[in-house]
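Please read the structure below before turning to the comments.
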Amino acid sequence: MGFMSVLSFAHKLIMERLAPGDRAIDATVGTGADTLFLARTVGPRGGVYGFDIQSAALTLAEERLQTAVNSGEVLPPVSLLLESHAAMAEAIPSDWHGTVGAVMFNLGYLPSPSADKAIITMTDSSIAALEAALRLLRPGGIITAVLYPGHEGGDQESAAILAWASEVSTQVAQSIVYRQLQRSTSPYVIALEKKKG
């Protein structure tokens, strides 16, 4: 039995901390896989916001969510916004600030056959979004970010985010990394858990 994939590890960390009725944010909607995961985890009494700069991503996510509803699942309200994740703090309602249980980031490019792979997440906006996410979290809330150093631009973004997470004060949050050490281009996860109390 091998180690968990980075996505499975991110989901495991979130499932251990996110409860039914919680609020969650998908900072990079992509195809909507994490959006649906968060919606299922918080359940019908919870709420989810999702961000992406590509309308194609929001369409894919809407289709995925609708398929789940059509098969009988009861999901919470999910608001998908055609905005950069860097605008998260301004776009999220003020009553959500300090109450969010989890924020997921899956960086890189939209993993769809028809997507333009030249459209990637950028270091400055990703770090701004991570800082906003940390402020939005409730005590004990979690941020997960899957990083992809194997594509052009992804190596610089991954290194910058790893450095950022390393410098977050332990008075604010604990940060960890989950990574295959033998392959420098393998995707990896960083996670931050906001300090309780």
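Using the Cα gyration tensor of the stretch 40-197, with a ≥ b ≥ c the square roots of its eigenvalues, what is the shape: rounded (a/c below 1.5), prolate (a/b larger than b/c) or oblate (neither)?
Details: a/c = 1.70, a/b = 1.12, b/c = 1.52.
Since a/c reaches 1.5 but b/c is at least a/b, the shape of the stretch 40-197 is classed as oblate.
So, by mean Cβ neighbours within 10 angstrom, what's the order for 37-48, 55-66 with the highest one leading? Present the calculation step by step, with values, prior to reporting the outcome.
Numbers: 37-48: 20.6, 55-66: 17.3.
Put in order of decreasing packing, that is 37-48, 55-66.
Keeping every protein chain present and rolling a 1.4 Å probe, give me the accessible area per residue for the stretch 131-197 in Å².
In whole numbers, the stretch 131-197 has 52 Å² accessible per residue.
Calculate the tail of P(r) for the stretch 48-114: the fraction of all Cα-Cα distances greater than 15 Å, expressed in %.
60
Show the residues, 5+ positions off or on another chain, whose built amide H is closer than 5 Å to the amide H of residue 75.
none
Using a 1.4 Å probe and ignoring any ligands, DNA or RNA, find the accessible area of residue 155 and quote it in Å² to the nearest 10.
In the full protein context, residue 155 sits at about 80 Å².
The stretch 35-63 to the stretch 133-161: how many Å between their Cα centroids?
Their Cα centres are 19 Å away from one another.
Counting only protein heavy atoms, what percent of the accessible surface of the stretch 67-197 is carbon or sulfur at a 1.4 Å probe? Each step should come with its number before you reach the end.
Working: 3540 of 6580 Å².
Percent of accessible area from carbon and sulfur atoms in the stretch 67-197: 54.
For a protection proxy built on the mean count of beta-carbon atoms within 10 angstrom, sort 163-171, 23-31, 135-143, 88-96 highest first, please.
23-31, 135-143, 88-96, 163-171
Going by the alpha-carbon gyration tensor, a ≥ b ≥ c the square roots of its eigenvalues, is the stretch 142-189 rounded (a/c under 1.5) or, if a/c is not under 1.5, prolate (a/b greater than b/c) versus oblate?
Values: a/c = 2.42, a/b = 1.80, b/c = 1.34.
It is prolate, given that a/c is not under 1.5 and a/b is the larger ratio.
The values are calculated or read from the model by the stated rules, or taken from the named source; none is laboratory data. Note that the structure is predicted; figures quoted are calculated from it, not measured. Note that we place each Cβ from the backbone using ideal geometry, even for glycine, and neighbour counts take in every protein chain shown. SASA here: full protein model, heavy atoms, side chains in, ligands and nucleic acids out. Shrake-Rupley method; radii C 1.70, N 1.55, O 1.52, S 1.80 Å.
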